[in-house]
1. Report the gain in length on full extension from Ser80 to Ala64: 0.36 nm times residue separation, minus Cα-Cα distance, nm rounded to one decimal.
2. Ordered by packing density, taken as the mean number of other Cβ atoms within 10 Å over each peptide's residues, highest first, how do 67-76, 89-98 rank?
3. Quick one: net charge of Leu100's neighbours, Cβ under 10 Å, K/R +1, D/E -1?
4. Given labels modelled 7 Å from the Cα in the Cβ direction, how far is it in nm from Leu147 to Thr121?
5. Whose amide H sits under 5 Å from the amide H of Leu50, counting only residues 5 or more places off or on another chain, with H placed in the peptide plane?
6. In sequence order, what are the phi-derived ³J(HN,Hα) couplings for segment 129-136 according to the Karplus relation 6.51 cos²θ - 1.76 cosθ + 1.60 with θ = phi - 60°, rounded to whole Hz, with x for glycine and proline?
7. Can you compute the label reach from Ser101? Point 7 Å from Cα along the Cβ direction, backbone N cut-off under 13 Å, restricted to segment 70-90.
8. Work out from phi, with θ = phi - 60° and the Karplus expression 6.51 cos²θ - 1.76 cosθ + 1.60, the ³J(HN,Hα) of each residue of segment 91-96, listed in order in whole Hz, and give x for Gly and Pro.
Amino acid sequence: MRNEYGAYRPISYKNHANPANPPNPGPGFARTVGGGCRQSAVEAAAAFVLSGIGSLSTAGLRFAGASTPQRLTGATEILSLSGTVAFNGSHSSSHLHMALSTATGEVFGGHVAPGCIVRTTAEVLLALLPEWEFAREHYALTGYGELVVRARADEDNRSVVHKPA
């Protein structure tokens with residue numbers, strides 16, 4: 001589906017427990033979400049997560065202020081997923097945050113870390129922004145790579161942003 005702001009891309013990850021075809025968690029949840037830009041019929045260098053729900057058997061979250069992520073194992077439900085995704089043609093990067101609940105109802109949230117494995121399914125809806133690009137650039141004040149948003153340019157270095165008439 002396409003509208004004046006870009007395109008939407010639903011992504012569904014299934015992990016069917018079939019003895020003849022055992023589950024393969026693949027490259028990791030966050031990297032696979034980033035691949036949604038690459039898989040789209042609309043070439044997009046930027047996207048953001050509209051919605052994300054599902055279940056994980058293993059989750060990695062880096063809590064606020066922590067330097068290393070925590071590993072949660074066992075059945076968890078994705079209550080919310082949000083963030084940005086950048087794709088430059090050969091590499092995707094994402095900055096995702098997630099809230100999870102455990103089988104006992106405890107809720108945890110934080111920065112999505114590598115190693116998340118889909119348990120049954122994960123449904124992610126990306127809003128693709130084909131006329132924009134996202135990048136991460138070092139910001140001296142925080143010491144981190146921070147989001148930079150730019151209008152994409154065509155091969156003649158002209159902006160591809162469509163302005164209303």
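The numbers here are math on the coordinates, done by the rules we state, and not lab data. All of these numbers come straight from a predicted model, not from anything done at the bench. All Cβ positions, glycine included, derive from the backbone under ideal geometry; neighbour counts span all protein chains shown.
1. Working: separation 16, 0.36 × 16 = 5.76 nm, distance 1.65 nm.
Fully extending the segment from Ser80 to Ala64 adds 4.1 nm.
2. Sorting 67-76, 89-98 by mean packing, highest first, produces 89-98, 67-76.
3. -2
4. Here the modelled spin labels are 2.8 nm apart.
5. For Leu50, the qualifying residues are Leu125, Leu126, Ala127.
6. For segment 129-136, the Karplus curve yields 10, x, 9, 10, 9, 10, 9, 10 Hz.
7. 76-80
8. 9, 10, 9, 9, 10, 10
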